[in-house]
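Encoded as structure tokens, the structure appears first; notes follow it.
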Amino acid sequence: MSTPPVIQLHLFFATENDSALILRRAGRQLYNLIAWDRATDTFIEGQWLKKSVQPEVCDLSPDGRHFIYAVRDAYPETEATANYTVISRPPWFTALALFPHEYSWLGGGSFLGNGLYRLNGDAPLRDIRGRADGLRKVVAGKVTKDCRTGLRLLNGKPAPLPSDVRDRLLGRDVPVRSSAMDRYETQGGRLYRREGMELSLIRDFAEMEPQFVRAPYDDRPDREPDTGWHPIDAERFR
């Protein structure tokens, strides 16, 4: 008799508004994304993905409009390779930018602002999708008088970092923001709000059925749209 998978909810919060994203693990290689408006506690179910996602290296942009995630142990014969990092538009997994890489532990990244992101490891990875309009990659470069952090755009110019990000990287005192994470708790597939010492249930996500749907911004041609088509499992990125 098989053991039911343990449901896990990983929470990511926008810092500029009430947007949040739930990465729900429904199995070792089964995840789905759920958009969450914390102001109204309303939810939008997005895509499911039959891959191994690494929650510890994922990140949500400050405005909640973009999501970085990493996949490992996928299909090595595809253009995406077995391990890759993606930038998508929540609550969808479909790639706006896709960076194949050789080693799974170098995946993922973080946002340094709404229009700036940095990949872990600073490897010279190539974006094979090229649809992340308005986002610019930041890499580590030489520290100079006009670039004290050493973080630069791909053209070599100093990255235009937000002041709080720059100050934090330089070790300066930055006011600590209260974390939205402190106000919420997850237990299995249930999402709670902390109210003093008590927990108040917001939503139970324990029972959800996979629905492999197409992202509204996916610009690739339709192929077998009525047979469980999935944007990453069934296609190579062009």
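Listed values, structure above:
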| quantity | calculated |
| --- | --- |
| Candidates Asp182, Asp167, Asp127, filtered to the one that is open to solvent by less than 100 Å² (accessible area, probe 1.4 Å) and at pLDDT below 90 | Asp167 |
| Selection count where residues are β-branched (Val, Ile, Thr), assigned to a loop (DSSP other than H, G, I, E, B) and touching a residue at least 12 places away in the same chain (Cβ under 8 Å), scope region 135-168 | 1 |
| Neighbours by Cβ (under 6 Å, 6+ apart or cross-chain): first from region 191-202, without any contact (Cβ under 8 Å) to a residue 60 or more places away in the chain; second open to solvent by less than 70 Å² (accessible area, probe 1.4 Å) and among the charged types (D, E, K, R) | Tyr192/Glu185; Arg194/Glu185; Leu199/Glu185; Ser200/Arg193 |
| Odd one out for Ile68 among (1) over 16 Å from Phe212 (Cβ atoms); (2) in a loop (DSSP other than H, G, I, E, B) | (2) |
| Evaluation of Ile68 against (1) open to solvent by 30 Å² or more (accessible area, probe 1.4 Å); (2) within 29 Å of Asp164 (Cα to Cα) (one fails), failing number | (1) |
| Pro76 more than 21 Å from Asp133 (Cα to Cα) and open to solvent by 10 Å² or more (accessible area, probe 1.4 Å) | yes |
| Residue that is assigned to a strand (DSSP E or B) and within 26 Å of Glu16 (Cβ to Cβ), where the choices are Ala132, Ala97 | Ala97 |
| Hits in region 87-96 (condition: open to solvent by less than 20 Å² (accessible area, probe 1.4 Å) and either in contact with a His (Cβ under 8 Å, 6 or more places away or on another chain) or at pLDDT 95 or above (or both)) | Ile87, Ser88, Pro91, Leu96 |
| Search result, residues across region 33-80 that are among the hydroxyl-bearing types (Ser, Thr, Tyr) and at pLDDT below 95 | Ser52, Tyr75, Thr78 |
| Per-region count, region 1-15, residues over 13 Å from Pro55 (Cβ atoms) and modelled with pLDDT of 95 or more | 2 |
| Tally of residues being open to solvent by 20 Å² or more (accessible area, probe 1.4 Å) and under 14 Å from the mean Cα position of the chain (by Cα) across region 112-124 | 4 |
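Let's see how each residue does on (1) open to solvent by 70 Å² or more (accessible area, probe 1.4 Å); (2) touching a Leu at 6+ places or on another chain (Cβ under 8 Å); (3) over 23 Å from Tyr117 (Cα atoms); (4) of a type in the set (Ser, Thr, Tyr):
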{"site": "Leu9", "(1), (2), (3), (4)": "no, yes, yes, no"}
{"site": "Phe13", "(1), (2), (3), (4)": "no, yes, no, no"}
{"site": "Ile22", "(1), (2), (3), (4)": "no, yes, no, no"}
{"site": "Ile34", "(1), (2), (3), (4)": "no, yes, no, no"}
{"site": "Asp37", "(1), (2), (3), (4)": "no, no, yes, no"}
{"site": "Phe43", "(1), (2), (3), (4)": "no, no, yes, no"}
{"site": "Trp48", "(1), (2), (3), (4)": "no, yes, yes, no"}
{"site": "Glu56", "(1), (2), (3), (4)": "yes, no, no, no"}
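The values are calculated or read from the model by the stated rules, or taken from the named source; none is laboratory data. Remember, predicted model here, so these are calculated numbers, not experimental data. Quick reminder, even Gly has a Cβ in these numbers, built from the backbone with ideal geometry, and neighbours come from all protein chains shown. Calculation scope for accessible area: heavy atoms of the full protein, side chains included, ligands and nucleic acids excluded. Shrake-Rupley method; radii C 1.70, N 1.55, O 1.52, S 1.80 Å.
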